[in-house]
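The values are calculated or read from the model by the stated rules, or taken from the named source; none is laboratory data. Since we're looking at a predicted model, the values are computed, not measured. Heads up, the Cβs are rebuilt from the backbone with ideal geometry, glycines too, and the neighbour counts pull from every protein chain shown. Note: areas computed on protein heavy atoms with side chains; ligands, DNA, RNA excluded. Shrake-Rupley method; radii C 1.70, N 1.55, O 1.52, S 1.80 Å.
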Amino acid sequence: MQGEEDELSVSIAQIVQRLKGSRLHCQLEREARGSLHRPDIKLETLKEDIKEFLKTSGWEKKLQNAVYRELSLLPGPFQSIAPAEHIKEPLTYMRKAQATWEKRVLKSLNSMCTELNIPLARKRPVDEQRELLSKWNEMGTDEPDLSLFRPVYAPKDFLEVLINLRNPNYDNGESLSFQTRLGLIQVPLKIKDVPELREFFQELNLTTGQLGVDDSTQVPTEMFENEHMRIGKKVLAEDDSAAAQQFVRQGCPTSLRADLWALILNISNQAEDILYYEQFKSNVIQHDLLSDKLIYKDVKLTASNDDYYFVFEDYLYQVLLCFSRDTSVLAHFAYNSASPPKSYIRGKLGLEEFAVVYPPNGVIPFHGFSMYVAPLCFLYNEPSKLYEVFREMYVRYFFRLHSISSHISGILSLCLLFETLLQTHLPQLFYHLREIGAQPLRISFKWMVRAFSGYLATDQLLLLWDRILGYDSLEILAVLAAAVFAFRAVNLMEVTSLAAAEAVLADISTLKVIPLLQIFLFAAIS
């Protein structure tokens, strides 16, 4: 009991400390001071009167939402009093593997820089600044020569690193012990079994109404959809992040999704936020980074060739170029197993005082990175709000899909959960694919690392991301990947090679996400 109280005290202190320097803190102070001139504020009951004023004027709700956001980012129980490196990642071998991977990525970036004789950063000449500013809203029409640039890494490179990862305390060197796993992931991690998944995703059960199922059946819309819409509007009117998060577990009505997601992520897009975004835009205009070329290349290779997303090419450049300059993103490295890459000022190599984080946000884009932004373009047409929502989605969720960690929503745990679900409940299929050299993870990894962006139809993808936000977890990606294999199991049992298996699963854009998840979790498995 005492330990829990200590943990709670530490958590409260951390949240208070984080909020103290925030814009909300300044706004609350200003409102409280301003309220002193009100006739209903009495000196003898000053504290209670100000509290009541903040409550009735809506500021208490804003504070609640800010606290709720901080709670979602706090480390787990008893981790908040652990050393900083343990909060980032408690397992030593994982930290070492992540550090090794980072060195490899940075080496790839530096070698490209050397080969092409291009600086990591340079100030743009005035003429170039004017030209970029004039075509800021039509950067997609620009066709720079990117033939010499290559993505720093692709998901398949990252998968090989995960496959070769071992726990030195667990692997006793025996070639075929009972502990040997049939899948590609060979590290032991705590993941949920099916009863635990059913409990966790209980709102997905077959008796609960779902957007993505009950709005597309013959059932009259007033039975579910109209009622769900009514409740959604009420949640928005209440301006409550926690209520919004609970609500979206059954899916978001299309017309309310943008506002509900912004409420869950505690994004208001005030004048200060727009100014903040304009500062990054100004930085992009003034300075050219090598990482900009990687962003251009990635958008050209992925979103520009996508039937759903090619129209948003300009938005993607704007958001991603600004994102690379945003140093507030560095704060997420406190709970990310990764560390921001550093470079040195020219001529000062190895001197720590001349080391700078590069790119400024600490995130080197990889092949497919722009697909984290593309679906959000369907929801937000205001660049500054689109930017804020993407940044918050990234620091809460997406960073876990390309860093090595033992976190339950980390990509390593998702891979293990996917393989375990298939081995346990579709053993014949798993064994068949393994025998023909078509390990299922080699096919599904690209779906999970991109959170299925670019693989599902956009309406289905947004229904899936509703549940990521609703359950504050990425585990649903692994469940869906296993459900897709289960759905195509009959065809997959016929294939005799990896190429044939990939062909069966090449197009999953016609699949309906929510029925697949429901059947796999609550109907198909006994």
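Restricting to Cα pairs below 8 Å that are 6+ residues apart, what does the relative contact order work out to for the chain? Please round to a whole percent. Could you put the intermediate results ahead of the total?
Values: 597 pairs, mean separation 99.0, N = 526.
After rounding, I find 19 percent.
Once you put a point 7 Å from the Cα of N169 and another 7 Å from the Cα of S255, both along the Cβ direction, what distance in nm separates them?
Using points 7 Å along Cα→Cβ, the separation is 5.6 nm.
With a/c under 1.5 counting as rounded, go ahead and sort the chain into rounded, prolate or oblate using the C-alpha gyration tensor (a ≥ b ≥ c being the square roots of the eigenvalues; past the cut-off, prolate if a/b is larger than b/c, else oblate). Provide the component values of the computation, followed by the final result.
Values: a/c = 1.41, a/b = 1.13, b/c = 1.25.
Here the chain falls in the rounded category.
What does the accessible area per residue of the chain come to in Å², with a 1.4 Å probe and no ligands, DNA or RNA counted? All intermediate terms of the calculation are to be shown ahead of the outcome.
Values: 24860 Å² over 526 residues.
For the chain, the per-residue accessible area is 47 Å².
Run down the lysines and flag those whose C-alpha is under 17 Å from the C-alpha of K103, throwing out any fewer than 8 positions away in its chain.
In chain and number order, the partners are K342.
Which of the peptides 447-454, 401-408, 321-328 is most tightly packed, and how do the rest follow, going by the mean number of other Cβ atoms within 10 Å of each residue? Intermediate values should be presented prior to the final figure.
Values: 447-454: 23.5, 401-408: 21.8, 321-328: 19.6.
Averaged packing, sorted descending, gives the order 447-454, 401-408, 321-328.
Between segment 379-403 and segment 484-499, what is the C-alpha centre distance in whole Å?
Between the Cα centre of segment 379-403 and that of segment 484-499, the gap is 34 Å.
Please give the residues of segment 371-389, grouped as numeric ranges, whose backbone N is less than 17 Å from a label point set 7 Å along the Cα-to-Cβ vector of C26.
Flagged as within label range: none.
When we measure straight from the Cα of K233, which aspartates and glutamates land under 14 angstrom away, once same-chain ones fewer than 8 places off are left out?
The qualifying aspartates and glutamates are E225, D259.
Could you work out the helix-only [θ] at 222 nm for the chain, with each DSSP H run of four or more residues adding -39,500 (n - 2.57) and the total divided by the number of residues, to the nearest 500 deg cm²/dmol? Write down the numbers at each step before the final one.
Working: 24 runs with 272 residues, N = 526.
Per the formula, -16000 deg cm²/dmol.
Taking all protein chains as present, what is the carbon and sulfur share of the accessible area of the chain, in % to the nearest whole number, probe 1.4 Å? Write out the running numbers ahead of the final one.
Values: 13670 of 24860 Å².
About 55 percent, which is the carbon plus sulfur part of the accessible surface.
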